[in-house]
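Structure, as structure tokens:
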Amino acid sequence: MIAKLTIVFLTATVLFGQKSELKNVKVLPFKKKRELVNYMKIVSKELGVKCSFCHIPNDYSSDKKANKTVAREMILMTQNANSVLNNLNFKQVSCWTCHRGNRIPDRRPQEKS
Ligand code: HEC
Ligand code: HEC
């Protein structure tokens with residue numbers, strides 16, 4: 001009986017834990033941390049940065065770093081662009097489309113200072 005109750009309790013903890021795994025995810029569609037972190041790894045490569053460019057290492061849900069709040073707007077911009085492209089039956093864009101592995105996208109030669 002105690003063993004059964006323990007299993008029920010552990011299962012509930014795991015399920016509940018999964019639900020509240022992500023604390024401050026406002027625009028991305030992911031429900032699972034693993035899927036979100038995979039996306040984050042891709043984004044980091046597309047911008048040529050480390051996680052700490054946007055995150056405080058011990059608190060990934062914090063919005064204290066300006067790069068993170070800018071990145072959230074960039075995610076929204078990319079999602080909006082993709083809904084337009086989707087209607088046109090075109091391929092999707094990503095951070096890479098503009099950033100190409102750079103923190104700041106390359107500018108046309110005449111615009112560079
Ligand atoms: C360019 C900025 C940027 C980089 C680099 C980045 N992230 Fe994120 N991360 C974000 C943004 C923005 C969100 C919130 C997304 C939203 O609101 O939907 C987020 C959310 C998260 C969350 C969810 C935290 C929570 O529970 O609220 C985790 C975990 C996370 N990132 C891990 C990582 C890891 C690990 C890396 C490195 C591999 C990384 N991130 C790199 C911008 C970044
Ligand atoms: C349509 C082109 C475009 C796309 C797509 C795009 N960005 Fe950007 N991003 C820019 C431009 C332009 C800037 C401003 C650079 C400047 O200051 O000249 C910028 C700046 C940023 C900055 C601030 C960098 C800094 O050092 O101030 C972050 C962070 C960022 N983008 C994250 C992202 C992420 C994450 C994605 C993918 C979800 C993304 N961007 C997709 C064009 C784009």
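³J(HN,Hα) across the range 99-111 via Karplus (A = 6.51, B = -1.76, C = 1.60, θ = phi - 60°), whole Hz, x for Gly/Pro?
Once θ is set to phi - 60°, the couplings for the range 99-111 become 6, 6, x, 10, 4, 10, x, 5, 9, 4, x, 6, 8 Hz.
Hey, for a label at ASN102 modelled as a point 7 Å past Cα toward Cβ, could you say which residues of the range 40-80 have their backbone N under 13 Å away?
Within reach of a label on ASN102, which here means backbone N under 13 Å from a point 7 Å along Cα→Cβ, the range 40-80 contributes 47-48.
Spelling out what I want: for every residue of the range 30-46, take phi, set θ = phi - 60°, compute 6.51 cos²θ - 1.76 cosθ + 1.60 (Karplus), and round to whole Hz; glycine and proline get x.
6, 9, 9, 4, 4, 5, 5, 5, 4, 4, 4, 5, 5, 4, 4, 5, 5
Could you list CYS51, CYS95 so that the one with the fewest beta carbons within 10 Å of its beta carbon is first and the one with the most is last?
Numbers: CYS51 14, CYS95 19.
Exposure proxy ranking, most exposed first: CYS51, CYS95.
Rounded, prolate or oblate: which fits the range 21-108, taking a ≥ b ≥ c as square roots of the Cα gyration tensor eigenvalues, rounded meaning a/c under 1.5, else prolate when a/b beats b/c?
The shape class here is oblate.
Could the peptides 100-109, 53-62 be put in order, highest first, of the mean number of other beta-carbon atoms found within 10 Å of their residues?
Ranked from most to least packed, the peptides come out as 53-62, 100-109.
Show me, for the range 57-64, the HN-Hα J-couplings you get by feeding each phi into the Karplus relation (A = 6.51, B = -1.76, C = 1.60, θ = phi - 60°), rounded to Hz, glycine and proline as x.
Working through the residues one at a time gives x, 8, 8, 5, 7, 5, 9, 5 Hz.
Values in this text are rule-based calculations from the coordinates and carry no lab data. What you see is a predicted model; the values in this text were computed from it and never measured. Positions of Cβ are generated from backbone atoms using ideal geometry, with glycine treated the same way; all protein chains shown enter the neighbour counts.
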